[in-house]
Amino acid sequence: MKGATAKKRMLSVVLHVMAWLVLIILPQLLIDRFWGNNNFIAWGFYLNAAIYGIIFYVNYIWLVPRLYLRDKQTVYFIAAFLTIVGFYILFYLINKNLIHNPEREKMITEAFKKLADKKAMPRPPFKQLQVYYFALISVIVTGFSIGLRVIEKQAASEKKQKELEKEKLNSELAFLKSQVSPHFFFNTLNNIYSLIEINTKDAQDAVLKLSKLMRYLLYESENGKTQLTHEINFMTHYIDLMKLRLSNKVKLEVDLPEEGTQLSIPPLLFIPFVENAFKHGISYREKSFISISMKTENKRITFSCDNSIGHSAEKETREKHSGIGLENVKKRLNLLFPEKHVLKIEPKEKTFHVNLEIDLS
């Protein structure tokens with residue numbers, strides 16, 4: 001992060017230096033082309049450029065950030081006005097004492113007088129004209145420094161907003177990881193414990209899958225992206241472990257791609273739907289079902305999950321808490337795939353349907 005910030009600052013400095021090189025070299029080429037080696041015109045131009053440059057950077061570096069962008073506009077405009085007046089006085093003193101040319105001013109005054117006599121244009125006083133142009137260009141330079149700073153502030157605000165959204169996503173991911181319920185691990189360990197005496201090999205396989213599940217949660221899901229193959233393997237292990245506590249009354253259908261694609265997705269995006277299905281779709285008293293499927297085509301993922309709704313005495317209590325993980329996923333999807341996903345959640349009296357389509361292009 002610090003390296004990227006340093007590079008951006010260096011780029012800003014380079015752009016400023018290049019702009020000033022253009023302002024220095026281009027006028028000199030024009031002066032040489034049309035006036036020859038005229039030091040008076042060159043020094044006059046560079047004096048003006050230096051004064052305007054100082055006005056620009058006084059505003060850009062100090063006045064705008066410390067006054068204008070801190071809602072002190074009245075104080076800013078007073079300070080900017082005093083800055084322009086002060087530098088005009090400096091410009092006048094330097095011009096009068098160092099590069100003053102009475103003959104040139106006399107020629108310009110006479111030229112304006114002749115034009116006025118011919119009624120081609122009014123005759124403005126030379127000093128008044130000088131003040132007018134200095135004030136006009138100073139105001140333009142001041143406005144440019146304000147605009148540049150405001151744009152930079154907006155860009156910084158957008159960057160900060162994106163960083164906050166990224167932090168929010170990371171916190172939501174951590175929350176989702178905690179949402180893969182501790183009760184699941186507790187129940188799974190109890191099931192494995194029961195399997196040890198009945199079927200040692202199945203118990204060993206269950207422990208291996210549980211370790212892979214925990215490894216994914218602890219390490220692989222730390223990154224912002226993961227391969228869809230890894231996510232599918234995670235869901236498969238999760239489903240296999242959940243099968244340990246299913247009775248014959250539960251019909252389970254799973255259709256996940258066997259050959260994972262190279263698509264990259266945010267981790268733990270589908271597991272809340274799967275967990276929700278097992279949490280609320282199982283009934284130990286009557287027949288129930290869970291159906292999970294996923295299809296990929298080009299860079300589009302279609303995921304669906306259907307389950308029955310159990311009619312246990314705990315149903316009302318569960319419904320109060322069942323939406324936490326799903327609401328979390330909705331927020332993540334809105335941040336990760338704005339206008340590139342369609343999520344349909346259809347709760348009915350006896351069934352619960354989820355369909356998610358994500359466009360990764």
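The values are calculated or read from the model by the stated rules, or taken from the named source; none is laboratory data. Bear in mind the structure is a predicted one, so any value in this text is a computation, not a measurement. All Cβ positions, glycine included, derive from the backbone under ideal geometry; neighbour counts span all protein chains shown. What goes into the accessible areas is simple: the full protein's heavy atoms, side chains included, and nothing from ligands, DNA or RNA. Shrake-Rupley method; radii C 1.70, N 1.55, O 1.52, S 1.80 Å.
If I filter segment 221-273 down to residues being hydroxyl-bearing (Ser, Thr, Tyr) and not in a helix (DSSP H, G or I), which single residue comes out as nearest to Asn187 (Cα to Cα)? Break it down stepwise before answering.
The initial filter retains those residues of segment 221-273 that are hydroxyl-bearing (Ser, Thr, Tyr), namely 221, 226, 229, 236, 238, 247, 261, 264.
Now narrow it down to the ones that are not in a helix (DSSP H, G or I): 226, 247, 261, 264.
Details: Thr226: 28, Ser247: 14, Thr261: 32, Ser264: 31 Å.
Among those that are hydroxyl-bearing (Ser, Thr, Tyr) and not in a helix (DSSP H, G or I), it is Ser247.
If a residue has to be under 15 Å from Ile239 (Cα atoms) and in contact with a helix residue (DSSP H, G or I) (Cβ under 8 Å, 6 or more places away or on another chain) to count, how many in segment 283-305 make the cut?
Within segment 283-305, residues that are under 15 Å from Ile239 (Cα atoms) and in contact with a helix residue (DSSP H, G or I) (Cβ under 8 Å, 6 or more places away or on another chain) number 4.
Need pairs with beta-carbon distance below 6 Å; first residue part of a helix (DSSP H, G or I) and within segment 160-183, second modelled with pLDDT of 70 or more and of a type in the set (Lys, Arg); sequence gap 6+ or separate chains.
From residues that are part of a helix (DSSP H, G or I), the pairs are Glu172/Arg332.
Could you grab me the full set of residues in segment 271-303 that are open to solvent by 20 Å² or more (accessible area, probe 1.4 Å), closer than 15 Å to Glu346 by Cα and modelled with pLDDT of 85 or more?
Taking segment 271-303 as the starting set, the residues that turn out to be open to solvent by 20 Å² or more (accessible area, probe 1.4 Å) are 275, 279-280, 284-287, 289, 291, 293, 295-300, 302.
Checking the rest, the ones that are also closer than 15 Å to Glu346 by Cα come to 280, 291.
Residue satisfying the conditions is Ser291 alone.
Being closer than 29 Å to Tyr284 by Cβ, surrounded by 12 or more Cβ atoms within 10 Å (Cβ to Cβ) and at pLDDT 90 or above is the filter here, so list the residues in segment 312-346 that pass it.
Within segment 312-346, Ile345 is the sole residue that qualifies.
Report yes if some residue within segment 256-270 is under 24 Å from His353 (Cβ atoms), surrounded by fewer than 17 Cβ atoms within 10 Å (Cβ to Cβ) and in contact with a strand residue (DSSP E or B) (Cβ under 9 Å, 6 or more places away or on another chain); otherwise report no.
There is at least one residue in segment 256-270 that is under 24 Å from His353 (Cβ atoms), surrounded by fewer than 17 Cβ atoms within 10 Å (Cβ to Cβ) and in contact with a strand residue (DSSP E or B) (Cβ under 9 Å, 6 or more places away or on another chain).
What do you reckon, is Tyr68 of a type in the set (Phe, Trp, Tyr), at pLDDT below 75 and over 17 Å from Leu136 (Cα atoms)? Before the answer, list the steps.
Numbers: of a type in the set (Phe, Trp, Tyr): yes; at pLDDT below 75: no; over 17 Å from Leu136 (Cα atoms): yes.
No.
Pick from Lys212, Lys249: which is open to solvent by 80 Å² or more (accessible area, probe 1.4 Å), more than 21 Å from Arg332 (Cβ to Cβ), modelled with pLDDT of 85 or more and out of contact with any His (no Cβ under 6 Å at 6 or more places or on another chain)? Write out each step before concluding.
On the way: Lys212 fails: out of contact with any His (no Cβ under 6 Å at 6 or more places or on another chain).
Only one candidate qualifies: Lys249.
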